[in-house]
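Below is one structure, written out as structure tokens; comments come after it.
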Amino acid sequence: MSAQLIDGKAFAEGLRKKVGTIAASFEVAAGRKAGLAVVLVGEDPASQVYVRSKHKATVDSGMKSFEHRLPADTDEATLLALVDQLNNDPAVDGILCQLPLPGHLDEQTVISAISPDKDVDGFHIINAGRLSVGQEGFVPCTPLGCLMLLKDRLGDLSGLEAVVVGRSNIVGKPMAQLLTDANATVTIAHSRTKDLPDVVRRADIVVAAVGRPEMVKGDWIKPGATVIDVGINRLDPEPGKDKGRLVGDVDFTSAREVAGAITPVPGGVGPMTIAVLLRNALVAAHRNEGLAVPADL
Ligand code: GUN
């Protein structure tokens, strides 16, 4: 039997529609649009594509987009001055500094300079701490999107065995925290985990976020498990092609024969990230104006 496909693209479209409706109510209530600032330093081609998509999605949702493009040789003081200006701008509810930054800039220094209440990426240590102790803050977009897909598919996650493969600050760690808060029994596995296939085989929920193409094989998956593939890896091009295939961290062909449900790559987790970013920016806007955050956002 072949697994059901979890259509992240459709779910993300639904979320963006909801964000659009609530953004319109926010504008009426606050007398201004919710605003998201995106800072891009340098000309990394992938980052340029992301930033363009974020700008378009923000405007399409009825929010104001502030785009700041700085040259690759921008010094730290100049970047920190811009962050400070955005922190103090009441029209800016959320600030995102696109990563990676050029090598001479320290990412932690820059993230730490963003006001935690405008840190819609959820990367600031204050927001990591808030998540860890269960306080209201901002949760990184990708794991929050994964949680939304899991709840949509499975409903209550209480008592389920979840294995998160990968321990990054951006995905693995916050994902484990969110699953724990949702009452799942959580294991974080990684490159040094012993008997990784056996560990993954215990899981009702597998979240793969290691950045290794097709690492998680079908025979690692418990029959009927729900598999969330966060990986986006481009393989080397086949002969005669100029671009390689996009694959996840899960070997989709073998895993879909065993799993109950699985996210495809592309079209699974990827589209959720921007939709959740817009959601976080709108949450920030409500908090900044002292308005109640709609319960369904
Ligand atoms: N680069 C790739 N993904 C992301 C993201 O979600 N946020 C930021 N700030 N940079 C990124």
Checklist entry - Reported to two decimal places, what Rg/Rh ratio describes segment 61-122 when computed on Cα atoms with Rh from the Kirkwood expression? => result 0.94
Item to check | Unit charges on C-beta of K, R, D, E only; dipole of segment 48-98, Debye | outcome: 340 debye
Next on the checklist: I need the helices of the chain that pass two filters: whole DSSP H segments spanning 30 Å or more by Cα along the axis, and mean Kyte-Doolittle score no lower than -0.5.
Outcome noted: 8-30
Checklist outcome for this item: Among trypsin sites (Lys or Arg not before Pro) in segment 172-219, those in a DSSP loop whose Cβ has at most 10 other Cβ atoms within 10 Å are 192, 194
Checklist entry - So what's segment 123-242 giving for Cα Rg divided by 2.2 N^0.38 Å, two decimals? => result 1.12
Checklist entry - Suppose every K and R has +1 on its Cβ and every D and E has -1 on its Cβ; what is the size of the dipole of the chain about the Cα centre, in Debye to the nearest 20? => result 600 debye
Next on the checklist: Give me the Å³ per residue figure for the convex hull around the C-alpha atoms of segment 1-146.
Outcome noted: 144 Å³
Next on the checklist: Need one number: nm distance between label points at residue 161 and residue 112, each 7 Å from Cα along Cα→Cβ, rounded to one decimal.
Outcome noted: 4.1 nm
Checklist entry - What FRET efficiency, computed as 1/(1 + (r/R0)^6) with R0 = 30 Å and r the Cβ-Cβ distance, is obtained for residue 29 and residue 67, rounded to the nearest 0.05? => result 0.75
Item to check | Expected-Rg normalisation [2.2 N^0.38 Å, Cα atoms] applied to the chain | outcome: 1.01
Item to check | Test item: Cα-centred dipole of segment 98-202, Lys/Arg +1 and Asp/Glu -1 on Cβ, debye | outcome: 340 debye
Checklist entry - According to the square roots a ≥ b ≥ c of the eigenvalues of the Cα gyration tensor, what is the shape class of segment 66-206, taking rounded for a/c under 1.5, prolate for a/b larger than b/c otherwise, and oblate for the remainder? => result prolate
Next on the checklist: Taking θ = phi - 60°, what integer Hz values does the Karplus form 6.51 cos²θ - 1.76 cosθ + 1.60 yield along segment 112-120, in sequence order, with x for Gly and Pro?
Outcome noted: 5, 7, 6, 4, x, 7, 10, 7, 6
Next on the checklist: Modelling each spin label as a point 7 Å along the Cα-to-Cβ direction, I'd like the residue 52/residue 2 distance in nm, to one decimal.
Outcome noted: 3.3 nm
Item to check | FRET efficiency, residue 289 to residue 246 (Cβ-Cβ, R0 35 Å, nearest 0.05) | outcome: 0.30
Next on the checklist: Can you compute the FRET efficiency between residue 169 and residue 136 using 1/(1 + (r/R0)^6), with r the Cβ-Cβ distance and R0 = 22 Å? Round to the nearest 0.05.
Outcome noted: 0.65
Item to check | Dipole of the chain [Lys/Arg +1, Asp/Glu -1 at C-beta], most positive-end residue of 39, 159, 79 | outcome: 159
Checklist entry - Out of 143, 45, 197, any idea which swings most in a Gaussian network model of the chain, alpha carbons joined below 10 Å? => result 45
Item to check | Within a Gaussian network of the chain (alpha carbon springs, distance under 10 Å), most fluctuating of 14, 103, 129 | outcome: 103
Checklist entry - Which percent, to the nearest 5, of DSSP beta bridges fully inside the chain are antiparallel? => result 5 percent
Checklist entry - So what is the 222 nm mean residue ellipticity for the chain from helices alone, if each DSSP H run of at least 4 adds -39500 (n - 2.57) and you divide by all residues, rounding to the nearest 500 deg cm²/dmol? => result -12500 deg cm²/dmol
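Just so you know, all these numbers are worked out from the coordinates, no wet-lab data involved. Note that the structure is a prediction, hence the values are computed from the model and not measured. Backbone-built Cβ (ideal geometry, glycine too); neighbour counts: all protein chains shown.
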